[in-house]
Amino acid sequence: MDAFRSFKYKNFKLFFYGQSISLLGTWIQKTAVVWLVYRLTGSALLLGIVSFVSLIPSLLLSPYAGSYIDRHDRFKVMKNTQKLAMLQAGLLAGLIYFQVYNISIIIALSLLQGIINAFDVTCRQSLMVELVDDKADLPNAIALNSTITNLARVAGPAIAGIILSTLGEDFCFISNFFSFVPVLICLYLMKINIHPSAKSQKDIWHELKEGLEYVISEKQIVSLIVLLSASSLFVIPFTTLMPVFAKDLFNGTSGTFSLFESAIGLGSLISAVYLARLKNINKLTQITIVASVLFGAGVLILAVSNHLPLALVGMVISGVGMMAQTSSINTYIQTHAAPAMRARTISYYVMAYLGITPIGSLLIGFLAEYLKPREVVALEGILGMITIAAYVFYQKQAKENSGSNKAILKAA
């Protein structure tokens, strides 16, 4: 099938199989951590802290991680990050198995996970281009990778719920530990010959600055990163208030909340299937614009809906827009960044996507103390529309300026 054309590459197929199992284990553990922390403390604040410390390293460390990865064999770096992630999962599993319920240690291990992810996500994204021989198949590979991510997001919590109610919390953490075994097996079966750049005489901080200067000089790339940063700060965190919508506004239960989660996962899956079939990478900018409009519209529909079915429709549309926006920007950066700068450029994508989101979540939580939940979500949708309008205006001005400059040069 055309949607699975990247499977003709052995390295991508192995990567896909390994990640499918590992991501499922990751979401099972994420769900179990949330349940465990709330069961032990009954504190929503501690829930927020655990989520915050697991994501904030992506904001602080991603540029450094990009510089580090550009200086080393990224395939070896990825093997090492997976081993470290397995060690972190093993420590957490041992903690829960022996019933050492220490919240401080759980927070510390969540922070460790965030630090590992800052390197691992940047490394995995920059490695994607090495997994397919034909650059035209890169959008398909990225979309398929996003598909398994979203399937794991839907299936992982559901499986975790079954395990929690039957086998217990410790089994969730042990499952995640063992999910790294197939990943490592697949990685060692892969044959990737990466020739890292000659050892640089510059220190890593100079290269970090060099990477920032490169990103700023690439106007299209930096404008997309700014767009994604604004979306991560103002729009993507709308999911923070989904428990409030499910329980308080729609008088539902945990099952209602699961419907909201599944709806956004379904929308993301629809979008991923579309992108997996995409062949023309020249349409990525247009896809980003349409996706951003859909994202904002979906959030607005959710904000104004008084009936659950309409709210779920809004969630599906939001999922379509969010997935298409982030994936199209990711694909554009990977296909247009200079090879020597790829990891450093992708690190700013990771920072904009994963690093800024926890700050947005804190902002949304703060606003929800003073405004009604519907008002906060409506504001997010409006800000999303304003952001994409500003991006389109910038693109139009840049195109006009480029045309004017060419006309001046031609006249000269």
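Some points to look at:
- Selected from Leu269, Leu363, Leu302 as most flexible by GNM, with the chain as the system and alpha-carbon contacts under 10 Å: Leu363
- Over all Cα atoms in the chain, the spread is summed up by Rg and Dmax: 21.4, 78 Å.
- Alpha-carbon centroid distance for the pair region 117-132 / region 221-251, whole angstrom: 25
- Considering only Cα atoms, the convex hull volume of region 34-186 works out to 124 Å³ per residue.
- Protection proxy ranking of 332-345, 120-133, 311-324, by the mean of other Cβ atoms within 10 Å over each peptide's residues and highest first, is 311-324, 120-133, 332-345.
- Rounded percent of accessible protein surface that carbon and sulfur make up, the chain, 1.4 Å probe: 67
- DSSP H segments from the chain that extend 18 Å or more along their own axis, Cα-based, with Kyte-Doolittle mean of -0.5 or above: 10-41, 44-70, 74-97, 103-127, 138-166, 169-189, 204-217, 219-234, 254-276, 284-304, 308-336, 373-411
- A 1.4 Å probe over all protein chains sorts Val100, Val183 by accessible area into Val100, Val183, starting with the largest.
- Dividing the radius of gyration of the alpha carbons in region 210-258 by their Kirkwood radius gives 1.36 for Rg/Rh.
- Average accessible surface for region 248-358: 36 Å² per residue, computed with a 1.4 Å probe over protein heavy atoms with every protein chain in place.
The values are calculated or read from the model by the stated rules, or taken from the named source; none is laboratory data. Computed from a predicted structure; not experimentally measured. A quick note on method: Cβ atoms are made from the backbone with ideal geometry, for glycine too, and the neighbour counts reach across all protein chains shown. With ligands, DNA and RNA removed, areas are computed over all heavy atoms of the protein, side chains included. Shrake-Rupley method; radii C 1.70, N 1.55, O 1.52, S 1.80 Å.
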